[in-house]
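Undergrad: Can you keep this structure in mind? I'll have questions shortly.
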Amino acid sequence: MTRFNRLLTYFFSATALWTLFYFDFLPLPLDDDVKYYFLQVLPFWLLISFGCWCLWQLGMGVYSFGECEQDYRDLLLEIKMAKDDLRTKGISV
Amino acid sequence: MSTDKAFGLALLGLSGVIFTYYTIWALFSPFLPEDAALLAYFPAREWAIRLPALAVCILFGAVGFGMGVVLVKRGRARRGRGRERIL
């Protein structure tokens, strides 16, 4: 099973469970108004949490990016050498 | 610390702040008594639903609009080329 299929399975299982709770097919030991409030807020809370998780992953990636100073300088030097070489051959860079 | 690392940390902090604020607002504030001091920091509770719903609508609208522009442009190009080929 691919990762995407697994994700879809979890998502649709969760949606089915949510629907069962919402339409009283499965009991939930909470007061009526509390139960409906949480069932209605849950999708939006999950959406916001997913957005925050994405932001977190971005931040972690940017923060823990392995800088290679020496490779950066070597690459700039190689680019400069290649440009000079092409200029001698008559190509405008 | 280089600006890249600082930017990464800023993103981490922002995500934590948004998550905590929204969780307290949407999930915990219904349990606080009406005159709790903490509630002064949060807008009315219905906005905890309206703002994400608005954001989703705007996002889908923008994405759909962008897709529509690309599709129309591609359709115009294909129709133009087809006409040349027939003539």
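The values are calculated or read from the model by the stated rules, or taken from the named source; none is laboratory data. Computed from a prediction, not measured in an experiment: that's the story for all the values here. Counting neighbours? That spans all protein chains shown, and the Cβs are built from the backbone with ideal geometry, glycine included. Just the protein is used for accessible areas: all its heavy atoms, side chains included, with ligands, DNA and RNA removed. Shrake-Rupley method; radii C 1.70, N 1.55, O 1.52, S 1.80 Å.
Undergrad: How do A:Tyr63, B:Tyr41, A:Tyr22 stack up against each other in accessible area, from largest to smallest, with a 1.4 angstrom probe?
TA: From most accessible down to least: B:Tyr41, A:Tyr63, A:Tyr22.
Undergrad: Also, I was wondering about something else. Rank these residues by their accessible area, most exposed first, probe 1.4 Å: B:Ser15, B:Ser2.
TA: B:Ser2, B:Ser15
Undergrad: I've got another one for you. How many partner chain Cβ atoms sit within 10 Å of a residue's Cβ in peptide B:48-59, on average, as a whole number?
TA: Per residue, the average neighbour count from other chains is 2.
Undergrad: What order do B:Val17, A:Val62, A:Val41 take when sorted by accessible area (1.4 Å probe), most exposed first?
TA: Heavy-atom accessible area, descending, gives B:Val17, A:Val62, A:Val41.
Undergrad: Within a Cβ distance under 10 Å of A:Tyr37, other residues only, what is the Lys/Arg minus Asp/Glu net charge?
TA: Residues close to A:Tyr37 contribute a combined charge of -1.
Undergrad: Run the 1.4 Å probe and let me know the accessible area of B:Ile58, rounded to the nearest 10 Å².
TA: 120
Undergrad: Just the accessible area for A:Asp24, please: 1.4 Å probe, Å², rounded to the nearest 10?
TA: Spelled out: A:Asp24, probe radius 1.4 Å, area about 100 Å².
Undergrad: Principal axis extents for chain A, Cα atoms only, whole Å, descending order, please.
TA: Principal extents (largest minus smallest coordinate, Cα): 80, 28, 23 Å.
Undergrad: Compute the distance in nm between two label points, each set 7 Å from the Cα along the Cα-to-Cβ direction, one at B:Lys73 and one at A:Gln70.
TA: 4.5
Undergrad: Give or take rounding to whole Å, what are the principal axis extents of the alpha carbon atoms in chain B, in descending order?
TA: If we take the Cα atoms of chain B, the spans are 77, 41, 15 Å.
Undergrad: May I ask you to work out the translational diffusion coefficient for the protein assembly as shown at 20 °C, viscosity 1.002 mPa s, via Stokes-Einstein with Rh from the Kirkwood sum over Cα pairs, reported in whole µm²/s?
TA: 95
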